[in-house]
Each structure stands twice: as C-alpha cells, then as structure tokens.
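A.B. asks: I am attaching a structure below and will ask some questions about it afterwards.
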Amino acid sequence: MTDLAQAKSVLKKVFGFEDFRPGQEEIVGAILSGGPVLAVMPTGSGKSLCYQLPALLDDGLTLVVSPLIALMRDQVGQMRALGVAAATLNSMTGEAEAAQIWRDIRAGALKLLYVSPERLALDGLTDALSRVKVRRVAVDEAHCICEWGHDFRPEYRLIRESVARIGAVQAIAFTATADSATRGEIAERLFPAAPQIFVHSFDRPNISLKFAAKDQPRKQLQRFLSARRGQSGIVYCASRAGAERLADFFAGQAFETVVYHAGLDQGRRNANQDRFLREDGVIAFATVAFGMGVNKPDVRFVAHADMPSSIEAYYQEIGRAGRDGLPADTLTLYGLDDMALRRRQIDEKDISDERRRFEHQRLSALAALCEAAACRRQILLAHFNEQAPPCGACDVCRGEILVRDGSIEAQKALSAVLRTGQRFGLNYLSDLLVGADSDALRRNGHDALKTFGVGADRGKQEWASTFRQLFAAGALRTASVEHGGFALTEKGEAILRGREIFMLRADAPREKSRDKIQKAPRGATPAPQGENPIFEALRKLRREIAQEQGVAAYMIFADRTLLEMADRRPATLDELRDIYGVGDRKIVAFGEVFLEAIAQARA
C-alpha cells in the first residue's frame, strides 16, 4: 500500500501544493487502501485531485467516467500541463488519436483515461478494457444516477454493469450534492458492496450570497456587473431567448459576452465555451445547459437573472464561482412570476403525486431562501443538514435586509384576497389596498369593501412585496392554473386569524445596499481587482503564453498563484517553487520567464 507521505511528496512535485485541502487526505488514503469509496465534497474543494493523485501512485490505468466532453477535454488538458499522461475517448476523438491512446494503454504509459457513460456502455470498449490493467474506475458527478435529481442521466445506471465486465477493479464515486437519500441511491446502484462514505461540509465560505426581488431587473443586473467589469462570470437565465437578449444588451455596454444554451449548434456552443474558459473577463449568459462542463477556477461571480429551479440547482450553479478559493460574489434575482411559473410547471408535469409533493417541497425551500430573514448561509447549509454560525458575509448578515413583525400588513393583504373571492392577482389587490381610482374595482363593487384603502399608508410596490413574501412562505397559492390569482392556504388562514405571526422583510435603503464587490473574509486571499501592477503584468504574460499554446490561461497558472507571486516576488527558482500551485513541470516550462516578468515589474 502506498503511504500518505509519498502521496504528499507527489502532491507538491506534480501539483505544486504543500498539503491537502480539508477532507482530501482521508479520501485519498481510503482510495489507496483499495476499497469502494463514495465522496461528497462541495464544488471547488478538490474532488478531482482525489482520484488524479492515486492514479500517479500505483500501477495500472484509472478510468474516469465523466458526463461531458468539454469537462473531459478540460481535465485532460490540465493533467497534460502538469506532465501527467492523460487522454479521452469520445465522439470527437480521431481514428489516429484513438489508435495512439490504445498503444499507450497497452504499454502501461497512460495514467488517466476519461470516457462518457455512453461510451463506457459499448461492449467493444469494456471488452478491450478487460484485457488491460485497469486499476480503478472513478465516477465523477455521481448524482447523475438519481432519477429525481436535477442532472439525471439514465446512462449512469449502466456503469455498475460495465465495471463488472471490465473485471475486479476498485470503484470510487464523487459528487458535490447528495443528501442522505441520494447517497443511498448512488451506493445501491453503483457499488456491489457498501462503499466507505465521506460527506464533507457543503460550506463555501469564500462565496458571498445576495438575493433581491426583481425591480427593474436589467438595471439591477447592470449595477452588479458594472462593479465587476473585467472579471469572469456567469449569468444564468430561465430561457434561451432571455440569455440571448441579455448577452446582446451587455455586449452593447462594452462587456465581453458569450451566450450558451441547448438551442445553439454544437460548433457555436463549443466555441463560446472555449472562449469563456480560455479568456479573462468574459461573461457567459446561459441557461442551465451551461453546467457541469464549467471547470474554470477563476470565475469571480455567478448571477441568476431568474429564480433557479431548486436549492440543489442553485448550490451547483453558484458553485461554479470561486473554485480557486478566492472570494466570489453571487446575485439571485427572483419574482412572484418566477415562483408561480415554477409551481405551475410542477403541477403540469406527468409525474406521480409523491414526486409532485417532493418537487413542491424543494421549490418551497428555495422560495424560503429567497425571502429569508436570517443568515442565507445558515439556511442553505441547513437544507443539507449542516449547522453553521451566521456567516457575516451574506446580504442579511451585512444588514442589507430589514426584518420586523409584519403580521398586521399580512392580515390586511390576506383579508383583501378573501373578501374579493380568492381569484384576483397582485396588481388588482394592491390597487384595492391603496384605494386606487380603478374602473375594475368599481365595476366589481370592491371599492365598497372595508379593505378598500386600508393600506393607503404604503405604496403599491410595498404591497407587492408583501404578497410575494406571503406566496413564498406558503400562505398563498395560485387560485387557478388558467387565470392565476391568489387563494389562501391553511397557513394563510392561521396568519389571518392571528394564530401565527408573520415576519416581513424589506430592503435597506438603496445607498446601503448598492452593489459592490465585497471585502474578502478575514484571513482570506483577496480577489484580484486589477489594481496590482505586478499581478496585471503576470496576467498579461499568462494570457500571451496561453494563446501561443492554445490552452486556457488558468492551465498556465491560476489567479491564486499569480497573486502569491505578486505578493512574495520570488527572485530564484527555489523561491518560485515555494509558491502555491508551482510544481516541477511548471518550473521547467515557465519558471524563468515569470521570474523575469516579476523582476521587470519591480524595476
């Protein structure tokens, strides 16, 4: 058995890391012991290294099952940049390249081979692999095996059978999101024997969380992006058309933009994704189709122009930011229409009543996070059964959200719903409460109700916010799929009758909550802001080298590495070797030229 001392030596020599990140060491140790392993680790915590490092420490081939060609291609590129023999067999692999890959496999020269679950299911591939020395099969994004998950891939259910055909090899699996039920399903469907399961904290403390109700959403998004101009980021949109419109608009505002959705032809999708991965400062406007293939470590922000589909999807999507461990920001915009649309979509699905209840519960959990009156991170982690103190970094903890007892306002709003017959929507009910001069109210005789004008001390926008929060809290439901409108639930009845209090939140004054880049958490490396001349000189050099080699800039050196170089200003190769992320291969390939750039920038 290879010991962890040797693993740490290779970790520094190849990857340039002095030590493991939290959680990695025990997982690597378990994998090296030879048994089945299931590891649940948050995005950005170094899952890939947990199977890449063991591949370098023992004989034989590590077969990696990965869901997307772009993700496989990216990981192979990163491994080759470190001097590791890696390859991928996929639909884009040419005949000559495939022949060379098989020669390398038979010669024992290849350490990592990446394939899709569909490719693995082919009898020809499993038969061929059964005749060579495969040491282990690593299944990435293992949650794709779960039918009720947001990334379900039926081909994942064939992996166990394929592994059995290859022979008696070690099976290991990794995912970023898996509750206890999902972990049980992964263990049952992937492993012939119970795996050793590791579940690490879901917390990503370097990611700052912010939510805002839609109020001129394009302007809200513009303020957020303008504060981060020149940084790489992703803006998720609910529709393809929405992604196209926003990409065009912000391109007209002199932002570097690409668009990505399933409606684009494959060539354009690949080109746009490659540009995002390889260049600095590009913003991708995308649907959720832009997902697991995003392995770019220096994404500094993720924004949602529309409400995500669930907390699990939200967690995965914001997890694209800050994978390098540096501070990153998020903004999620949501509205009543988003919530109503999501609920209507669930109701219209051809699914069992049990699954419908499950999906409504997931949506309600997300709505509660959107309208939270307590620390966002606490609520998010609680969803994954994890406790945490207030984070101090979300919009609630920063004092951007004001909370008070809003039971009286809630009762007025609910009374308006009840007295008008539980069939009218937000605008109509808001007009009623403020006592607006409305033909519709007069026509229906509702200007004579006791609730007419009872809320004239507040504006229509404030009442709209109250209705939205009541809907998010489950006190109101959609009255009719065809015509919309509100109706009370049991919870709404309890609030109306005074049996429950209702805490109402409101945004802090705009000058206090304006968008800005948040300061790094105490003790953390600050995110690059474009204010450090040495860092900028190194980034320019990195970009030039990456363009010459046709690879992503972060494959040369990550932002974190450049920041440490700019801070410590090494003058010799030995000093450079002590920098985070600088291994032997990088020293040989880039050491002298980066030392020269540092010396010139200091002069």
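A.B. asks: For the condition among the β-branched types (Val, Ile, Thr), out of contact with any His (no Cβ under 6 Å at 6 or more places or on another chain) and modelled with pLDDT under 85, what is the one hit in VAL294, VAL302?
C.D. replies: After applying the criteria, what remains is VAL294.
A.B. asks: Which one is surrounded by the most Cβ atoms within 10 Å (Cβ to Cβ) among residues in the range 1-58 that are under 24 Å from GLY108 (Cβ atoms) and of a type in the set (Phe, Trp, Tyr)?
C.D. replies: TYR51
A.B. asks: Please give the number of the condition ALA289 fails out of (1) part of a loop (DSSP other than H, G, I, E, B); (2) in contact with an Asp or Glu (Cβ under 6 Å, 6 or more places away or on another chain); (3) surrounded by fewer than 23 Cβ atoms within 10 Å (Cβ to Cβ).
C.D. replies: Unmet condition: (2).
A.B. asks: Can ARG376 be described as closer than 19 Å to MET503 by Cα, within 22 Å of the chain's Cα centre (by Cα), of a type in the set (Lys, Arg) and not assigned by TED's automatic domain parsing to the domain that holds LEU562?
C.D. replies: yes
A.B. asks: While we're here: Among helices (runs of 4 or more DSSP H) lying entirely in the range 1-108, which contain 1 or more residues that are more than 28 Å from ARG275 (Cβ to Cβ), assigned by TED's automatic domain parsing to the domain that holds ALA178 and free of Cβ contacts under 8 Å to residues at least 12 places away in the same chain? Can you show your working first?
C.D. replies: On the way: elements: 4-10, 24-32, 47-57, 69-81, 95-106.
Those helices (runs of 4 or more DSSP H) span 4-10, 95-106.
A.B. asks: For the range 193-209, check the following and say yes or no: at least one residue is among the charged types (D, E, K, R) and buried (at least 18 other Cβ atoms within 10 Å of the Cβ).
C.D. replies: Among the residues of the range 193-209, at least one is among the charged types (D, E, K, R) and buried (at least 18 other Cβ atoms within 10 Å of the Cβ), which makes the answer yes.
A.B. asks: Which one of GLU155, GLU147 is outside any strand (DSSP E or B), surrounded by fewer than 16 Cβ atoms within 10 Å (Cβ to Cβ) and of a type in the set (Asp, Glu)? Show your work before the answer.
C.D. replies: Values: GLU155 fails: surrounded by fewer than 16 Cβ atoms within 10 Å (Cβ to Cβ).
Exactly one of GLU155, GLU147 is outside any strand (DSSP E or B), surrounded by fewer than 16 Cβ atoms within 10 Å (Cβ to Cβ) and of a type in the set (Asp, Glu), namely GLU147.
A.B. asks: A follow-up question, please. Give the residue, chosen from TYR580, TYR554, that is under 27 Å from the mean Cα position of the chain (by Cα), among the aromatic types (Phe, Trp, Tyr), under 23 Å from ASN295 (Cβ atoms) and part of a loop (DSSP other than H, G, I, E, B). Outline the logic, then answer.
C.D. replies: On the way: TYR554 fails: part of a loop (DSSP other than H, G, I, E, B).
Testing whether each residue is under 27 Å from the mean Cα position of the chain (by Cα), among the aromatic types (Phe, Trp, Tyr), under 23 Å from ASN295 (Cβ atoms) and part of a loop (DSSP other than H, G, I, E, B) leaves just TYR580.
A.B. asks: Hey, does the range 301-312 have a residue that's surrounded by fewer than 17 Cβ atoms within 10 Å (Cβ to Cβ) and over 30 Å from ASP559 (Cβ atoms)? Break it down stepwise before answering.
C.D. replies: Of the range 301-312, the ones surrounded by fewer than 17 Cβ atoms within 10 Å (Cβ to Cβ) are none.
No, the range 301-312 contains no residue that is surrounded by fewer than 17 Cβ atoms within 10 Å (Cβ to Cβ) and over 30 Å from ASP559 (Cβ atoms).
A.B. asks: Which number in (1) among the acidic types (Asp, Glu); (2) assigned to a helix (DSSP H, G or I); (3) surrounded by 17 or more Cβ atoms within 10 Å (Cβ to Cβ) marks the one condition that ASP395 misses?
C.D. replies: Answer for ASP395: the failing condition is (2).
The values are calculated or read from the model by the stated rules, or taken from the named source; none is laboratory data. Quick caveat: nothing in here was measured; it's all calculated off a predicted structure. Positions of Cβ are backbone-derived with ideal geometry, glycine not excepted, and every protein chain shown enters the neighbour counts.
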